[in-house]
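Student: What follows is a structure written as structure tokens; I'll ask about it next.
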Number of protein chains: 2
Amino acid sequence: MKAELISVGTEILLGNIVNTNAAYLSKQCASLGINVYAQSVVGDNDKRLGTLFKDAMSRSDVVILTGGLGPTEDDLTKETVCECMDVPLVRDVKAEENMVNILKGLSYTPSHNNYKQALVPKDSIILYNHNGTAPGAIIEKNGFTAILLPGPPIEMTAMFEEYVIPYLRSKTNDVLYSYTIKECGIGESLLETMLLDIIDNQTNPTVATYAKTSCSEVRITAKADSFEKAQNLVKPIAEEVIKRLGDNVYSTDEKENIEDALVRLLRKNNLTISVAESCTGGLTCSKIVNVGGASEVFKYGFITYANEAKMKLLGVSKDTLEKYTAVSEKTAREMACGAIKESGADVAVSITGYAGPYDSEDEPKGLVFIGCTNGKDTFCRQFRFNGNRQKIRESASVMALNMARLMIIQYEMEN
Amino acid sequence: MKAELISVGTEILLGNIVNTNAAYLSKQCASLGINVYAQSVVGDNDKRLGTLFKDAMSRSDVVILTGGLGPTEDDLTKETVCECMDVPLVRDVKAEENMVNILKGLSYTPSHNNYKQALVPKDSIILYNHNGTAPGAIIEKNGFTAILLPGPPIEMTAMFEEYVIPYLRSKTNDVLYSYTIKECGIGESLLETMLLDIIDNQTNPTVATYAKTSCSEVRITAKADSFEKAQNLVKPIAEEVIKRLGDNVYSTDEKENIEDALVRLLRKNNLTISVAESCTGGLTCSKIVNVGGASEVFKYGFITYANEAKMKLLGVSKDTLEKYTAVSEKTAREMACGAIKESGADVAVSITGYAGPYDSEDEPKGLVFIGCTNGKDTFCRQFRFNGNRQKIRESASVMALNMARLMIIQYEMEN
């Protein structure tokens, strides 16, 4: 199956946003065994889009379009595609209801344009949008398929995963099976060295590593004529990789990130966690809370950005702050101990560091201390992260979650 | 001048890398007044690239290509473009020397392929590469220009800034000037209705709206033969838009988001803020802390996910929680008042709600109360946000930052 991607939006052609949708969709298509022939970007211009879409229709089996489904006058993707494919637009009660409900929640009154937005291509598969007002659609005609998705990544990815993946999977013969092993704490370069013989000796399955912020993934992908056969090709390689990476492996579920793995482990062991954050300022708590069911394991977080807050909320001693500064092993330890004491949690983790933007001898940018305690043993690790403020805070947060995860694995072994 | 961008690389079509080059080049072209007609991505395939390039030649004045200048066999951009334009490749001593020197620094011996890499299009402007072995080129023929740049962003951007910007500037007369007005609280659809007469009546400048999570942007773009003239075309329209949107406008700086605007306002007025978060769980604090210089205005945050934490850290009364539940106007108000009292801040904002994933009559997903206090007056607003857990938390966080911003504007008016 030959596919191509068209992203619609003048804001992409002006360079105001990076086209991450195309990268996401390309990756998804690759994992479905679908060959992406081209990616194109066109502005909010019906003539140009029409020309491009007709070209794409003539050479591809599937065209996936993102963007231009909004309520405004320059949102013309649906209208243009329907005209090219000679499919009329019709009212859909459910899409209209969804739009009205969403706007009601925001205390907005639907305008004429919003009703235009809720129109759908006749006889298409309608992709209801749980995150916005624009419905998507899969339009099939004469062996050609157009898939219309909204532009905002949150809406697009949710819709793709709910509707489009099962749809495309039902249309392809070759089965591509991917297995992802996620690790934290090794780093991509060392990881590749550890797995070099496996990576080099495989053609089916293929083995590839991908770097994420402070984590990496190993993806093992096999192609076969059945799901079972593909799975059997992957299995022995996956086992070997997991053996080599040990406790650094935090998940083999593609959708699970480090905070999901941590919350899963906490729930399994009936443990609770508390977090004390300085330079990360709530990022770590927020990651934990973003996991559904976090309320069972997380009750309190302390955002102690100022020294005064570290003393008042966590009982960090004035002496420590004066003698060692707020960015020190001793402060990180006292923050973790304060958090466990104040919250009554089973495990607490703390983060203090310099995230920048300034960098000086006194306050070296990227220097971060992470403390972790179970009330009995307290550990602290020093890091020197690279990147801008956001990247440093993200790295620190991921490492803190991983340290807490390793502490719970230790607990599991002892109990 | 009409330009288009072609990115060459199978790795982009596989989704292994995000095409940031296209965003960078688009932005640069926009600021040079060059109209980018389209962005395309094609794999390492000379036939497909040839077809695409010939199409681009027929409709654009300039085509900027990135990638495919490497030493390997599938790097074919230079060869394909030269064939399409009927320009031979020739040796260039300086490009060859540069390649040999760079490889020597890495202790590599140049291979046959590396010498191929140092060939250049005859009579072209050669763009020497200080960061890699691939030279770029500007090829002019019959009024059409092809610009070849390497794929790695560091090499590409350095080469673009050194050679291509001065070259393009010497070829263009037009300047494009964009002005962005950012609002929170109106919604894209109503926003467009409020501005419809302006949007419809303008061709230069053009006026367009863009939706972000719980915020929107209005972009006014003018084209003229000087920067000053373009600015003068934009000015009266921008003033009218700002007048209509009033306090909902939080910034006219393209790089500023809602938390930047809030921190800027707090700093200007020498005020501090504290945040009490339940369902957003640190997201709001984290946004504030991500702004450089946040330490002047933000000292404390309280992540009170459990009722117990709301009582202990913020002094929310047991009665309130039992009678009205944790997701209620009364709890939001007590959380905000507790945060301002415990932190000694000038303004405090609180967020409590149901972010899902579950949705029931008792706990309606997306129901959020946001409280805001200056110690004297306390406000609370009820919202019903849509979307998944992440989207609901993001919307709530943006609205909370906006409510705090409006409270400070109120303060400014009174003082």
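Student: Can you list residues from other chains, or at least 5 along the same chain, whose modelled amide H is less than 5 Å from the amide H of B:A355?
Tutor: Those lying under 5 Å, H to H, from B:A355 are B:G366.
Student: State the percentage of accessible surface on the range A:35-115 attributable to carbon and sulfur atoms; use a 1.4 Å probe and exclude ligands, DNA and RNA. Working shown, then result.
Tutor: Details: 1740 of 3590 Å².
Taking all protein chains in place, the range A:35-115 shows 48 percent carbon and sulfur surface.
Student: Restrict the search to the range B:250-349; then list the trypsin sites (Lys or Arg not before Pro) that DSSP places in a loop and that have at most 13 other Cβ atoms within 10 Å of their Cβ. Provide the component values of the computation, followed by the final result.
Tutor: Values: sites: B:K255, B:R264, B:R267, B:K268, B:K287, B:K299, B:K310, B:K312, B:K318, B:K323, B:K330, B:R333, B:K341; in loops: B:K255.
Within the range B:250-349, the qualifying trypsin sites (Lys or Arg not before Pro) (loop, at most 13 other Cβ atoms within 10 Å) are B:K255.
Student: Peptide B:184-197: average number of partner chain Cβ atoms within 10 Å per residue? Please report the intermediate quantities before stating the final value.
Tutor: Working: counts 0, 2, 2, 9, 8, 15, 9, 2, 7, 7, 0, 0, 4, 0.
Mean number of neighbouring Cβ atoms from other chains: 5.
Student: To the nearest Å, what is the center-to-center distance of the range A:1-55 and the range B:49-125, using C-alpha atoms only?
Tutor: 26
Student: Of B:L190, A:L148, A:L176, which has the most accessible area with a 1.4 Å probe, and how do the rest follow in descending order? Please report the intermediate quantities before stating the final value.
Tutor: On the way: B:L190 85, A:L148 0, A:L176 40 Å².
I get B:L190, A:L176, A:L148, largest accessible area first.
Student: Averaging sequence separations of C-alpha pairs under 8 Å and six or more residues apart, then dividing by the length of the range A:177-251, give the relative contact order as a whole percent.
Tutor: Numbers: 113 pairs, mean separation 31.4, N = 75.
So the answer I get is 42 percent.
Student: Summarise the partner chain shielding of A:131-138 as one whole number: the mean count of Cβ atoms from other chains within 10 Å of each residue's Cβ. Write out the running numbers ahead of the final one.
Tutor: Working: counts 7, 5, 5, 1, 0, 0, 0, 0.
Mean shielding by partner chains, rounded to a whole number: 2.
Student: If you place +1 on the Cβ of every Lys and Arg and -1 on the Cβ of every Asp and Glu, how big does the dipole about the Cα centre of chain A come out, in debye to the nearest 20? Present the calculation step by step, with values, prior to reporting the outcome.
Tutor: Details: 44 positive and 54 negative charges, 89 e Å.
For this selection, approximately 420 debye.
Student: May I ask you to evaluate 6.51 cos²θ - 1.76 cosθ + 1.60, the Karplus curve with θ = phi - 60°, for each residue of the range A:22-36 and list the ³J(HN,Hα) values in order in whole Hz, giving x for glycine and proline?
Tutor: 5, 5, 4, 5, 4, 4, 4, 4, 4, 6, 8, x, 9, 7, 8
Student: Order B:Y358, A:Y115, A:Y179 by their accessible area, 1.4 angstrom probe, all chains in place, largest first. All intermediate terms of the calculation are to be shown ahead of the outcome.
Tutor: Working: B:Y358 165, A:Y115 95, A:Y179 55 Å².
Largest accessible area first, the residues go B:Y358, A:Y115, A:Y179.
Student: Next up: Calculate, for chain A, the solvent-accessible area per residue in square angstrom, rolling a 1.4 angstrom probe over the heavy atoms of the protein chains. Could you put the intermediate results ahead of the total?
Tutor: On the way: 17500 Å² over 415 residues.
Per-residue accessible area for chain A comes out at 42 Å².
Student: How large is Rg/Rh for the range B:2-170, to two decimals, with Cα atoms and a Kirkwood Rh? Don't skip to the answer; put the middle values down first.
Tutor: Numbers: Rg = 14.9 Å, Rh = 15.9 Å.
Rounded to two decimals, Rg over Rh is 0.94.
Student: May I ask you to evaluate 6.51 cos²θ - 1.76 cosθ + 1.60, the Karplus curve with θ = phi - 60°, for each residue of the range A:172-184 and list the ³J(HN,Hα) values in order in whole Hz, giving x for glycine and proline?
Tutor: Residue by residue, the range A:172-184 yields 10, 8, 5, 9, 10, 10, 10, 10, 10, 10, 10, 10, 9 Hz.
Student: Taking the range A:258-414 as the region of interest, what is the percent of Cα-Cα pairs per 5 angstrom bin, listed from the shortest bin to the one with the maximum distance?
Tutor: Taking every Cα pair in the range A:258-414, the percentages come to 2, 11, 21, 24, 20, 13, 6, 2, 0.
Student: Given the pairs A:K78/B:K212; A:K268/A:K341; A:K299/B:K323; A:K365/B:K299; A:K243/B:K391; B:K78/B:K141, which are separated by over 26 angstrom at their Cα positions? Don't jump to the answer; show the numbers that get you there.
Tutor: Values: A:K78/B:K212 20 Å; A:K268/A:K341 23 Å; A:K299/B:K323 21 Å; A:K365/B:K299 20 Å; A:K243/B:K391 37 Å; B:K78/B:K141 15 Å.
Those over the limit are A:K243/B:K391.
Student: Considering only DSSP beta bridges with both partners in the protein assembly as shown, what is the antiparallel share in %, to the nearest 5?
Tutor: Working: 94 of 146 bridges.
Roughly 65 percent of the DSSP beta bridges within the protein assembly as shown come out antiparallel.
Student: How large is the translational diffusion coefficient of the protein assembly as shown in µm² per second when you combine the Kirkwood radius over alpha carbon pairs with Stokes-Einstein at 20 °C and 1.002 mPa s? List each step's numbers first, then the result.
Tutor: Details: Rh = 28.9 Å.
Estimated diffusion coefficient is 74 µm²/s.
Student: Given charges of +1 on the Cβ of Lys and Arg and -1 on the Cβ of Asp and Glu, with all other atoms neutral, how large is the dipole of the protein assembly as shown about its Cα centre, in debye to the nearest 20?
Tutor: On the way: 88 positive and 108 negative charges, 206 e Å.
The dipole of the protein assembly as shown has a size of about 980 debye.
Student: Using θ = phi - 60° and the Karplus relation 6.51 cos²θ - 1.76 cosθ + 1.60, list the HN-Hα couplings for the range B:82-90 in order, rounded to whole Hz, with x at every Gly or Pro.
Tutor: Listing the rounded values in order: 5, 5, 4, 8, 6, 10, x, 9, 10 Hz.
Student: Could you compute how fast chain A diffuses translationally, taking Rh as the Kirkwood radius over C-alpha pairs and applying Stokes-Einstein at 10 °C with viscosity 1.306 mPa s? Give it in µm² per second. Show your work: numbers first, answer last.
Tutor: Values: Rh = 24.3 Å.
So the translational diffusion coefficient is about 65 µm²/s.
Student: Could you give the angle, 0 to 90 degrees to the nearest 10, between helix B:46-59's Cα long axis and the longest principal axis of the Cα atoms of chain B?
Tutor: The angle comes out near 80 degrees.
Student: Quantify how strongly other chains surround peptide A:291-304 by giving the mean number of their Cβ atoms within 10 Å of each of its Cβ atoms. Intermediate values should be presented prior to the final figure.
Tutor: On the way: counts 3, 6, 2, 4, 5, 1, 1, 5, 9, 10, 11, 6, 16, 3.
Across the residues of A:291-304, the mean count of other-chain Cβ atoms within 10 Å is 6.
Student: Give me the accessible area buried between chains A and B, both sides summed, with a 1.4 Å probe, in Å² rounded to the nearest 100.
Tutor: Using a 1.4 Å probe, the pair buries roughly 6100 Å².
The values are calculated or read from the model by the stated rules, or taken from the named source; none is laboratory data. Model, not experiment: these values are computed from the prediction. Every residue, glycine among them, receives a Cβ derived from its backbone with ideal geometry; neighbour counts consider all protein chains shown. Just the protein is used for accessible areas: all its heavy atoms, side chains included, with ligands, DNA and RNA removed. Shrake-Rupley method; radii C 1.70, N 1.55, O 1.52, S 1.80 Å.
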